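Visitor: Supplied in structure tokens, the structure appears directly below.
The values are calculated or read from the model by the stated rules, or taken from the named source; none is laboratory data. On a predicted model such as this, the values are computed, not experimentally measured, just so you know. Because the Cβ atoms are built from the backbone with ideal geometry, glycine has one as well, and the counts that use them run over all protein chains shown. Note: areas computed on protein heavy atoms with side chains; ligands, DNA, RNA excluded. Shrake-Rupley method; radii C 1.70, N 1.55, O 1.52, S 1.80 Å.
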Amino acid sequence: MDKNSLNKKSLFIILIGLICGCQQQIKLARVDVQTLANKNLSCVEHADIRTLSGTSLSPMLLPDDQLLFLGGYYKCNSIKKGDLVLYRWGDKKNVAKFVRGMAGDILTVEEISPDQWRLELNGQPLHNSTGAEYILSEQKAALIRLYARKIKLNEVLLLGDKSNGSHDSTVFGLVNTSQLSGKLIPLAHSSSH
């Protein structure tokens, strides 16, 4: 391991330690510091703390929750299903979403009743973090049906936690992994929890 990697890793562990020292002021989500410390952080170009806005990740995460952003993380680490990522949409907009499908997965959109379409991955209903199936209206299902196929190499399916869809792949389609700015790690819940 080169000196810069060791310094970044040490700095990261110190940052997490400082954040965890604020337990009296904020209720902390569970963060497995040891697992994070074992990740390759040599590609992380920028790290900071972000505050979540919007409700598309509710109920898992709420507005004002704090997230650690690791910019460039996926240049040397694999993307995994369930990862919370920051996606660059257009020139300026950053969108936080969960990775729900990856290369090799087969995405289908099945009509289950008039004006109700269910997202499926590999022949099974796709679920959000609470276990609810993603059920979309005809209008919401229209775009994502264009991507109903085997997900290609370097593509991911990004979804919020709203089971009826949000500003996610149901709006902007499958995403090229080169458009992922980095990984987001929940740190602290806002006082509204």
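Visitor: Which ranges mark the strands (runs of 3 or more DSSP E) fully within the stretch 76-115 that have 1 or more residues being surrounded by fewer than 14 Cβ atoms within 10 Å (Cβ to Cβ)?
Guide: 93-101, 107-113
Visitor: State whether the residues of the stretch 147-158 include one that is at positive phi and either open to solvent by 70 Å² or more (accessible area, probe 1.4 Å) or touching a Cys at 6+ places or on another chain (Cβ under 8 Å) (or both).
Guide: Looking for residues that are at positive phi and either open to solvent by 70 Å² or more (accessible area, probe 1.4 Å) or touching a Cys at 6+ places or on another chain (Cβ under 8 Å) (or both), one finds at least one in the stretch 147-158, hence yes.
Table: residues versus (1) within 17 Å of V156 (Cβ to Cβ); (2) in contact with a Ser or Thr (Cβ under 9 Å, 6 or more places away or on another chain); (3) modelled with pLDDT of 95 or more.
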site: Q66; (1), (2), (3): no, yes, no
site: I79; (1), (2), (3): yes, yes, yes
site: V85; (1), (2), (3): yes, yes, yes
site: Q124; (1), (2), (3): no, no, yes
site: E133; (1), (2), (3): no, yes, yes
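Visitor: I would also like to ask the following. Which of the residues that make up the stretch 115-146 are at positive phi and of a type in the set (D, E)?
Guide: Matches in the stretch 115-146: D115 only.
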